[in-house]
Amino acid sequence: MPITQALNYNLSRRLEKEPWNAFSHHSPVNVSMDGIPCILFWAKRITIKFKNQTWLDLTDEAIGQKATVDAGNSNCSEESAMLSLKFGDAENPRGLDIRFTLTSYKLSIQRWYSLHRVEVIFNNSIQATFNATGIYAPSSYSYHCQRVSSLQAYDALLLPSDTNDMSSLWEVTFVDFQIQGFPIKGGQFAKARDCTSSFSPAILIGLVMSLLLLLVLAYALHMLIYLRYLDRHYDLIASPAHFPQLTAQDTAEEKELLRSQGAECYELRSQQICKIYV
């Protein structure tokens, strides 16, 4: 059976029963380990399409009080977490599965997490793998974006891992996407870092380093100009032009004047050194 027909067969029965609704953030997908929430996920709308077929809306299956999605294959550890959303009948091994892989890492003094990839699995086989770009947040924040999609029209944050495989044949879109990984306090989303409101850690560190280098360079340039100014100043003072040459008569008159005032003068290389007695 073709992939598209199988997907419609497994999902259309529930999708036809109820119209699409906008759910609140009070019912996110919650994955817990030892009673501690480690993954929270929510989206206002989840849609997926294979080739040129009709978009499948999976929202009702995944979010809300009547959700039937199976997240039992999800798992968490200190360094990574995987959210598995299996759609269709729970006993059907040929159902559609969307998996989110998150990684945790330490940057400077703070831990961050990022969405590493999104996989589409059907019939227990990976059909598409999308590498996530720019989806990250500090561990004390959740991540939110108005649209996370593989479509270039929406500034794709999900990029096919290989253009030669089937990934390019699938299209995935999450509207009002929000996710948070690893130990979560209170079991609710923390304050969200929005995808349009901040720079990445690497960009911030680069900006700070560039500013420091610019300050050091400006200080070095200032000191160089100041030293050259001092060098020219002392060269001017030490030059013969700074001390006008006296004629023999002027020198004799000046010595006589100083001698009458109780001073002795000695001439050294056309410059006078005087001792004055008080």
**Q.** Condition broken by Met166, with the remaining ones in (1) open to solvent by 60 Å² or more (accessible area, probe 1.4 Å); (2) without any contact (Cβ under 8 Å) to a residue 24 or more places away in the chain satisfied
**A.** (2)
Q. Restricting to region 134-149, what's the tally of residues that are open to solvent by less than 20 Å² (accessible area, probe 1.4 Å) and of a type outside the set (A, V, I, L, M)?
A. 5
Q.
Could you go through region 199-214 and let me know if any residue there is assigned to a strand (DSSP E or B), surrounded by 12 or more Cβ atoms within 10 Å (Cβ to Cβ) and under 24 Å from the mean Cα position of the chain (by Cα).
A. no
(Q) So in region 150-161, with the set limited to residues that are hydrophobic (A, V, I, L, M, F, W, C) and open to solvent by 20 Å² or more (accessible area, probe 1.4 Å), which one is nearest to Phe177 (Cα to Cα)? (A) Leu157
Q: Give the residues of region 57-77 that are at negative phi and open to solvent by less than 20 Å² (accessible area, probe 1.4 Å), sorted by residue number.
A: Leu58, Thr59, Glu61, Ala62, Ile63, Ser74
(Q) Can you find a residue that is among the charged types (D, E, K, R), farther than 17 Å from Asn30 by Cα and modelled with pLDDT under 85 anywhere in region 190-198? (A) no
Q: Determine whether Thr101 is touching a strand residue (DSSP E or B) at 6+ places or on another chain (Cβ under 8 Å), among the β-branched types (Val, Ile, Thr) and modelled with pLDDT of 95 or more.
A: yes
(Q) Give me the residue from region 151-187 that is over 20 Å from the mean Cα position of the chain (by Cα) and polar (S, T, N, Q) and, out of that set, farthest from Trp42 (Cα to Cα). (A) Asn164
(Q) Checking Lys51 against (1) more than 27 Å from Phe189 (Cα to Cα); (2) in contact with a helix residue (DSSP H, G or I) (Cβ under 6 Å, 6 or more places away or on another chain); (3) modelled with pLDDT of 85 or more: exactly one of these is not met. Which one? (A) (3)
Q.
If I filter region 78-92 down to residues being modelled with pLDDT under 90 and in contact with a Ser or Thr (Cβ under 9 Å, 6 or more places away or on another chain), which single residue comes out as most open to solvent (accessible area, probe 1.4 Å)?
A. Glu78
Q | All strands (runs of 3 or more DSSP E) inside region 30-126 with 2 or more residues being aromatic (Phe, Trp, Tyr) | A | 36-42, 96-107, 110-122
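The values are calculated or read from the model by the stated rules, or taken from the named source; none is laboratory data. Please read all numbers here as calculations on a predicted model, not as lab measurements. Don't worry about glycine lacking a Cβ; one is built from the backbone with ideal geometry, like all the others, and counts go over all protein chains shown. In case anyone asks, the SASA skips ligands and DNA or RNA and just uses the protein heavy atoms, side chains included. Shrake-Rupley method; radii C 1.70, N 1.55, O 1.52, S 1.80 Å.
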